[in-house]
Structure formats: structure tokens, C-alpha cells
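Structure, as C-alpha cells:
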Amino acid sequence: MNSIFGLSHSVTLLVWTLISIVFLVVFIAKFKWNPFVTLIISALMLGLLSGMKAQDVIKAVTGGLGGTLGTIAIVIALGTMLGKMMAESGGAEKIATTLVDRFGEKRVHWAMMVVGFIVGIPVFFEVGLILLIPIVFTVARKTKMPLLQIGIPILAGLSTVHGLVPPHPAPMIAIDAYKADLGKTILYSLLIGLPTAIIAGPLFGKFIGKRIQAEPPAKLAEQFAVSENRNLPGFGITLFTILLPVILMLIGSVANIVDPKGTSGLTVFCEFIGHEIIALLIAVVFSFFSLGFARGFKKEDISRFTSECLAPTATIILIIGGGGAFKQVLISSGVGAAIAEFATQANVNVILFAWLVAALIRVATGSATVAMTTAAGIVAPVLAQTPGANLELVVLATGAGSIVLSHVNDAGFWMVKEFFNLSVPQTLKSWTVMETLLSVIGLAFIMILSVII
């Protein structure tokens, strides 16, 4: 099975990958198979067709599923608890009301992009989405705006900083590999990231929101809804509670930048509390007091809130795990290496080359971080042979490529699909198009900036 019709092994791998992805999309979209089951079958099929040993395929599937959920399952659980505390206390309602009052109902989707951009700087995309989804639901309900018109700007803000803006871990990987200047990279990333997020966020969100009618999942919408009139908590304490994990993660990132070798005990402590799991855990416990006991809830109430909110996340967690299994088979079967082999043979501008390598690996593996890490290893030797190249812009090009064309092998794809209650085709038309706009428009701005500086 290693080659078909005399094609090279690399080409054969790409053919089997395409067949597996088509199988996945068709059986979920047309035949309405359970996404988790279909993801596992597709992963097994790709592994066997690509020539992997049966035991290696099983190992890749279980390892990919477990490795993906090892952090994300905890993040989703803790993030959902934090969201539930915000909803029950009226905190989400307070933030939504304040944003609507300050920006006006017609412009509140612009505020959503800013919120996503700020919250997303030190956190992974999945963490930011979990933190902000109650606000998305609440603002959409209060303003009667289409859900995607509110949601897409937040997604655009989160995704832009995930790929482009240091001190997010993904751009930091490329900065280190290319020996780029951190300060210049941050400056250029803001110059490029903000207009890119505006186009792919509020502007595209308004366009697609009118064309795709989305409703929050009933159970999630119910638990994030305000069921009775009550005195709302203060805007300041609510905002601090939701930003607490962001602040802690930012502290960890700054400590790592200041002392990358971690020689100081203070650095070790800052990195510990800045880990997304620890930061979220601290924020959840803090919310028990700031949004729980301080609002008059009893310990039995808080226990009930934090238990009942987990049930609706079970399906989401399983589907994300299935996407992780599929991604790991793509990597273990050698598809990522095959993509890199084709990309390195291209004789193009180094900025375009960095974008292309990251984009191809992103499409193959579904992970922006994997794409960034792998592309940095491929591009760095080429960059060393390209005197005069703007290292900072190559970093941003790699980041822009790493967020292109999110599809069925990306955990983020399934999170957006489930949280916004979309079908696979609707997710492709909204989320996937938004991600591709961010990537392509970001590349265009990078190329323009490369001519100016």
C-alpha cells in the first residue's frame, strides 16, 4: 500500500490523506455519522493505507487522543466552570451590558474583536474561546445580533494573536529559531495583526452572520443564561476574574523572556502559576469567592454549579480527542515530512517560502503550533543562506501560514463547530474562511511592509 500506480511514496501519502479527509467530511456532513466515531475510523484508515503497522496505527490513535486531551480536557473543564460562575453570578451579563452601553449595539462586534485580541495574547486559542464563550452568548442574546456576527470577531482576535503576536508561544518558537528581534516582531505584529483581525473579524463577521443562522447549543445556552433578575456584580471584579488567568499566563511569559534558562526561583514560580492549567485553576477558585460567596451563594450552590456544567462538554471533549487522533496519524505516517519535502524544492521569496511551508504543514497536521515549530526548523537553514532577509517579517509569515485553512483535523475546528452549534459545511464556510482570510490578508500586509522597511 506504500505506493499506487508507481507514484512516489510522498505523493502516495498525499493521495491517501486526501481520500481520508474526503471520507471524513462526506460521512459526517452527508450521512450524519457521529463525528467522534468518524474521526477514529478515518485515522485508522489513513494509518493503514499509508503503510503503517497495525500496532503503530493504534498507538498513534491512542497517543494522539490522549496527548490532545491531556491538557485540553482539563482546560475545557476548568474554563466551563469559570464560565458557569460568570453566568450564575450575572458576571457575563454585566460585561455584555457594559460593552453594549459603551460601544452601542451597532458597534459591539468591534468591541468583541478587541476583547479577543487582548485575552488571546498570552493564552492558547482553546483557553481564550472557553473563557469568552459565555460573553458571546450573552451579548448575542441581549443585542439580538446574529451569533456569528458576535462570535467571528472574538475568534479573529484570538486566532490572530495565536499566530502572530509575541509573547504567545507559537511566535516565540520562530523568533528563537530565526534569531529575530523580539521588540521589532511585537511592533510589526501589531501593525499587521490589528488591520488583519478587523477585516477577518467584524467586517467578515457581519457578512457571514447574515448568511448563516446559528444558535447556541441548547444546554450550553441554558446554563449560560441569566434565569432571574438579580443585582449584577461590579464590572471591575468581573473583568478581573475573567482576566486573572490571562494575567497569570502573561506573568509566566514575561518571566520566561526575562530569564529563559529559568535559573531564578521566582522565574520557576511565575512559570508555574502561568501554566494555563494552573492559571485557570487559580481563577476558578478565585471565582468561587468573587462571583460565588460574595454574591450570596452557598457552598452547596457552587458545588452544584461546577458539577452540572460539565455534562454538556462531554461530546465536545470526545470530538476534540478524535481530531487529535487523526492529527497524530497524519504526523506519524510521514505526511508532514512529505509536505516539507515538496515545499523545500520550491524556489521562492523567503517570506513566501516560510508562509507556504507553515501553511502546508498546518493543512496536513491541523495544528498551528506544530506547523510553526516544524516550519521554523525547515525555514531556518534557508534563512541562513538568505542575507539581508527581514527576520521579523519571516517570523510573522511563518505565523500567518500556521493559521490557514483550519479544517477537520484541527481541534479548534471542532470546538467552534460544537460551541456555535454549526454543521460541518457551515463551519467550513465561516470559521475556515475566517482563518484563511487572516492568513492570506496577513501575508499581503507582510509583503507590503517588506517593501517599505
field: Gain upon complete extension [S423, E215; 0.36 nm per residue less C-alpha separation]
entry: 73.7 nm
- prompt: What are the aspartates and glutamates whose alpha-carbon lies under 15 Å from the alpha-carbon of K179, with same-chain residues fewer than 8 places away excluded?
  reply: E392
- prompt: How would you order 171-178, 128-135 from highest to lowest mean count of nearby Cβ atoms within 10 Å?
  reply: 128-135, 171-178
Prolate/oblate/rounded label for region 63-135 (Cα gyration tensor, a/c 1.5): oblate
- line: For K142, counting only aspartates and glutamates whose alpha-carbon sits under 20 Å away and dropping same-chain residues fewer than eight positions off, the answer is E88, E93, D101, E105, E215, E222, E228
- prompt: So, counting K/R as plus one and D/E as minus one, what does the shell of residues with Cβ under 12 Å around G323 add up to?
  reply: -1
- request: Can you tell me the order of 380-386, 206-212 when each peptide is scored by its average per-residue count of other Cβ atoms within 10 angstrom, highest first?
  value: 206-212, 380-386
message: Helix 265-274 against the longest principal axis of the chain: what's the angle in degrees, Cα atoms only, rounded to the nearest 10?
response: 80
field: Efficiency of FRET between S303 and T97 - r from beta-carbon atoms, R0 45 angstrom, step 0.05
entry: 0.95
task: Express in % the proportion of alpha carbon pairs of region 65-315 at distances exceeding 24 Å.
output: 48
query: For the chain, what is the convex hull (Cα atoms) projected area averaged across all directions, in square nanometres?
result: 22.4
query: Counting only the heavy atoms of the protein chains, how much of W33 is accessible to a 1.4 Å probe, in Å² to the nearest 10?
result: 110
task: Excluding residues on the same chain fewer than 8 positions from K184, give the lysines whose Cα lies under 26 Å from its Cα.
output: K261
task: For a quick protection proxy, order the peptides 256-263, 388-395 by their average other-Cβ count within 10 Å, most packed first.
output: 388-395, 256-263
Amide H contacts under 5 Å for D181, placed H, 5+ residues apart: E392
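The values are calculated or read from the model by the stated rules, or taken from the named source; none is laboratory data. Every value quoted in this text rests on a predicted model; they were computed, and no experiment measured them. Backbone-built Cβ (ideal geometry, glycine too); neighbour counts: all protein chains shown. SASA here: full protein model, heavy atoms, side chains in, ligands and nucleic acids out. Shrake-Rupley method; radii C 1.70, N 1.55, O 1.52, S 1.80 Å.
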